[in-house]
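K.L.:
Please read through the structure below; I'll follow up with questions.
Any read-out appearing in this document is the output of simple, stated calculations on the displayed coordinates, not a laboratory observation. Here the structure is a predicted model, which means the values were calculated and not measured. As a convention, Cβ positions derive from the backbone with ideal geometry for all residues, glycine included, and neighbour counts pool all protein chains shown.
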Amino acid sequence: MVTAEQVQQYIAAGLTCDYLTVAGDGQHFEAVIVAAAFSGKNRVERHRLVYQALGDRMRAEIHALSMKTLSPEEWAQQQG
Amino acid sequence: MDIQNTIKQTVTENPVVLFMKGSAQFPQCGFSGRAVQILKACGVDKFVTVDVLADPEIRQGIKDYSSWPTIPQLYVNGEFVGGSDIMYEMYQSGELQTLLKPAGSDA
């Protein structure tokens with residue numbers, strides 16, 4: 001079974017993140033991801049970057065991943 | 001006709017198509033259920049659902065079609081919109097209602 005920590009490591013290995021949290025139960029995971037690579041990209045493009053980082057693991061090990069994807073600027077505004 | 005052409009035909013001939021697990025009445029996955037609820041909340045009552053669990057070829061084919069590894073997937077006027085997270089964010093911001101207005105809503 002995959003742990004939330006592992007999913008976090010997988011994402012971090014493939015995508016440089018300013019902030020990253022993953023919670024989950026081994027099947028369903030929820031992630032908040034802040035990355036400079038998201039700037040200027042739409043939601044579909046952002047999710048694709050995360051799926052790319054996860055590669056085959058998304059098909060094989062992870063049943064479902066729910067995510068919030070923010071650029072550093074949007075993240076700063078949310079914290080503001 | 002190969003599966004990619006079948007999918008293309010489905011999404012271009014119907015304004016709103018949701019590829020999901022189960023049916024609108026009986027979703028087989030929480031995310032698919034949420035996607036149906038969001039469409040209904042947008043006032044869309046005419047949408048086509050395709051149950052990917054009923055056909056392994058479509059289940060794999062739809063992931064290849066948009067290079068998107070997860071189900072559900074929403075298509076409006078032939079364009080891939082996103083999965084349930086994106087649908088929810090767009091619903092919250094009002095973008096989804098705007099996108100769906102001419103497509104399938106009576107509102």
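K.L.:
Scanning the range A:47-61 for residues that are more than 9 Å from every other protein chain (Cβ to nearest Cβ) and within 22 Å of residue B:81 (Cα to Cα), which turns out nearest to the chain's Cα centre (by Cα)?
P.N.:
Top of the filtered list is A:50.
K.L.:
On to the next question. Any idea which of B:15, B:27 is more than 10 Å from every other protein chain (Cβ to nearest Cβ) and under 28 Å from residue A:57 (Cβ atoms)?
P.N.:
B:27 is the lone residue from the list that is more than 10 Å from every other protein chain (Cβ to nearest Cβ) and under 28 Å from residue A:57 (Cβ atoms).
K.L.:
Any residue at all in the range B:73-88 that is more than 10 Å from every other protein chain (Cβ to nearest Cβ), within 11 Å of the chain's Cα centre (by Cα) and of a type in the set (Gly, Ala, Ser)?
P.N.:
yes
K.L.:
Hey, among the residues in the range A:29-46 that are within 11 Å of chain B (Cβ to nearest Cβ) and under 13 Å from the mean Cα position of the chain (by Cα), which one's nearest to residue A:8 (Cα to Cα)?
P.N.:
A:31
This table checks each residue for (1) closer than 21 Å to residue B:70 by Cα; (2) surrounded by 14 or more Cβ atoms within 10 Å (Cβ to Cβ); (3) out of contact with any Leu (no Cβ under 8 Å at 6 or more places or on another chain).
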{"site": "A:8", "(1), (2), (3)": "yes, yes, no"}
{"site": "A:23", "(1), (2), (3)": "yes, no, yes"}
{"site": "A:47", "(1), (2), (3)": "yes, yes, yes"}
{"site": "A:53", "(1), (2), (3)": "yes, yes, no"}
{"site": "A:56", "(1), (2), (3)": "yes, no, yes"}
{"site": "A:68", "(1), (2), (3)": "yes, yes, yes"}
{"site": "A:74", "(1), (2), (3)": "no, yes, yes"}
